[in-house]
């Protein structure tokens, strides 16, 4: 299908509704970022999503978008609850791959000279890498409690405080989770992995606050000065979430077949169908697994850092989800309506006043966390009312890849990546050289440009910039 890309304004583009599309495609990007998207199937995938039944208003492509499974990573779509569908390809395999930020009571001056000691302690205390097992053993009954309770299960069992889950999307627990809808195979994969970071683009990063753009909001988020140390944790639902996606893709294929689909990777079920409800319940359970996973890692991070700094304290600023489906209320044609929002490689970016936000952030808006890539900055933004108007309350989720993992490994070796980062003053520990090569900073878009577009559009505004000092990779 021919792609008729029209520029509407400096950062807004459109592919008009044509053929079997039910809505147009809206792209939010700069000229520089658009050129990168033209190199893969991002636009075609967004057009395919626009053909799905019950999609509302537009198929959205955000500034960090790149080709994914079925739907581009960096895509958002909202569906009518009565007539719409839910598609695992529009959520992703790594269900609730997400980011948590901690603010601490130490500074860069405290870290200097102790980088190797800190990285060794964190690498020892927090399991990370392909197939890595967590530090706790669960019975099936306990796992079901995790799938039902999320972060709140971890806190009830001594791994953190109530403030931790209060500062998490959904308060760390999707109430719609139904563990019975998660297969035994998925549970078997997840059971030994709770409390582990995994591999790929997942990481734990010790960072320094490099710049504060909005002092008032930054202070509200616990970010008080340049040089303050923050800790960012990026991981998801591990093998359990991946298996949930695989299971329901197969079940939907068997139930509905591929007739009329623009792409078989967009296999789906009606939201109100038995299979649609089961997938949502299983997905919510996988989200809760991811919430609990990050809560355990937070607890062990605090313990590890206290071995080096006995008076160490770390508060959860916020935890945001990336790959998720949620029922939310949005204004559609000037009327508030509940819809199903699918965000894949996209971050919720709600403005002030939303009841979904913690009380202490309701006056300013939601913290939005945008990770960079090992050698580059990461950002703290704040959600806006403009995002609610333009993108169903969404913005980017990171830099976005420009190079596949295989391609990245062809370009450089892990040892070279480590040496380059060392020259920048960044201490890195990884479970494998291959993992480092795959995640080299050159494999990603320019995060500064991605965040600039979000800020200029007003769908996620600049609060602070943080830079890595120590990186733990799977």
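Output the residue which, of all residues in the range 352-368 that are crowded, with 24+ Cβ neighbours inside 10 Å and under 30 Å from residue 266 (Cβ atoms), is nearest to the chain's Cα centre (by Cα). Spell out how you get there, then give the answer.
In the first step, residues of the range 352-368 are kept if they are crowded, with 24+ Cβ neighbours inside 10 Å; the result is 365-368.
Applying the additional criterion that residues be under 30 Å from residue 266 (Cβ atoms) yields 366, 368.
Values: 366: 15, 368: 10 Å.
Across the range 352-368, the extreme among qualifying residues is 368.
Taken as a whole, the structure leaves residue 398 outside the set of residues that are surrounded by fewer than 23 Cβ atoms within 10 Å (Cβ to Cβ), at pLDDT 75 or above and outside any helix (DSSP H, G or I). The helices (runs of 4 or more DSSP H) located wholly in the range 78-150 that include 3 or more residues which are crowded, with 18+ Cβ neighbours inside 10 Å, touching a residue at least 40 places away in the same chain (Cβ under 8 Å) and touching a strand residue (DSSP E or B) at 6+ places or on another chain (Cβ under 9 Å) occupy 115-125. Within the range 51-61, being out of contact with any helix residue (DSSP H, G or I) (no Cβ under 7 Å at 6 or more places or on another chain) and assigned to a loop (DSSP other than H, G, I, E, B) holds for 51, 53, 54.
Of the residues 71, 37, 41, the single one that is in contact with a strand residue (DSSP E or B) (Cβ under 7 Å, 6 or more places away or on another chain), without any contact (Cβ under 8 Å) to a residue 60 or more places away in the chain and within 29 Å of residue 198 (Cβ to Cβ) is 37. When the range 155-198 is filtered for residues that are in contact with a strand residue (DSSP E or B) (Cβ under 7 Å, 6 or more places away or on another chain) and more than 18 Å from residue 234 (Cα to Cα), only 163 remains.
Anything in the range 244-273 that is in a helix (DSSP H, G or I) and under 19 Å from residue 342 (Cα atoms)? List them, or say none. Steps first, answer last, please.
As a first pass, look at the range 244-273 and keep what is in a helix (DSSP H, G or I): 244-256, 264-266.
Selection gives 244, 245, 246, 247, 248, 249, 252, 264, 265, 266.
Checked against (1) within 24 Å of the chain's Cα centre (by Cα); (2) under 25 Å from residue 205 (Cα atoms); (3) outside any helix (DSSP H, G or I), residue 311 passes all but condition (1).
Within the set 195, 172, the sole residue that is modelled with pLDDT of 95 or more, crowded, with 20+ Cβ neighbours inside 10 Å and closer than 18 Å to residue 296 by Cβ turns out to be 172.
Taken together, the residues in the range 327-351 that are surrounded by fewer than 24 Cβ atoms within 10 Å (Cβ to Cβ), out of contact with any helix residue (DSSP H, G or I) (no Cβ under 7 Å at 6 or more places or on another chain) and either in a loop (DSSP other than H, G, I, E, B) or free of Cβ contacts under 8 Å to residues at least 24 places away in the same chain (or both) amount to 6. Failed condition for residue 21, given (1) buried (at least 21 other Cβ atoms within 10 Å of the Cβ); (2) in contact (Cβ under 8 Å) with a residue 60 or more places away in the chain; (3) farther than 29 Å from residue 371 by Cβ, with all others met? It is condition (2) that residue 21 fails. Among the residues making up the range 188-207, a single one is out of contact with any helix residue (DSSP H, G or I) (no Cβ under 6 Å at 6 or more places or on another chain) and more than 30 Å from residue 427 (Cβ to Cβ): 188.
Considering only residues in the range 222-238 that are surrounded by 23 or more Cβ atoms within 10 Å (Cβ to Cβ) and part of a loop (DSSP other than H, G, I, E, B), the one that is farthest from the chain's Cα centre (by Cα) turns out to be 223.
Going residue by residue through the range 52-70, is there one that turns out to be under 15 Å from residue 263 (Cα atoms), crowded, with 24+ Cβ neighbours inside 10 Å and over 22 Å from the mean Cα position of the chain (by Cα)? So far as the range 52-70 goes, yes, one or more of its residues are under 15 Å from residue 263 (Cα atoms), crowded, with 24+ Cβ neighbours inside 10 Å and over 22 Å from the mean Cα position of the chain (by Cα).
Looking at the range 151-169, which of its residues are surrounded by fewer than 20 Cβ atoms within 10 Å (Cβ to Cβ) and farther than 17 Å from residue 317 by Cβ? Don't jump to the end; show me each part of the working.
Step one: filter the range 151-169 for residues surrounded by fewer than 20 Cβ atoms within 10 Å (Cβ to Cβ), giving 156-158, 161-163, 166.
Scanning the range 151-169 gives 156, 157, 158.
Within the range 259-278, the set of residues being in contact with a strand residue (DSSP E or B) (Cβ under 6 Å, 6 or more places away or on another chain) and surrounded by 23 or more Cβ atoms within 10 Å (Cβ to Cβ) comprises 268, 271.
Quick grid of which residues meet (1) touching a helix residue (DSSP H, G or I) at 6+ places or on another chain (Cβ under 7 Å); (2) closer than 25 Å to residue 334 by Cβ:
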| residue | (1), (2) |
| --- | --- |
| 49 | yes, yes |
| 63 | yes, no |
| 74 | no, no |
| 77 | yes, yes |
| 97 | no, no |
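The values are calculated or read from the model by the stated rules, or taken from the named source; none is laboratory data. Keep in mind the model is a prediction, meaning the values are calculated, not measured. So basically every Cβ, Gly included, is an ideal-geometry build from the backbone, and we count neighbours across all protein chains shown.
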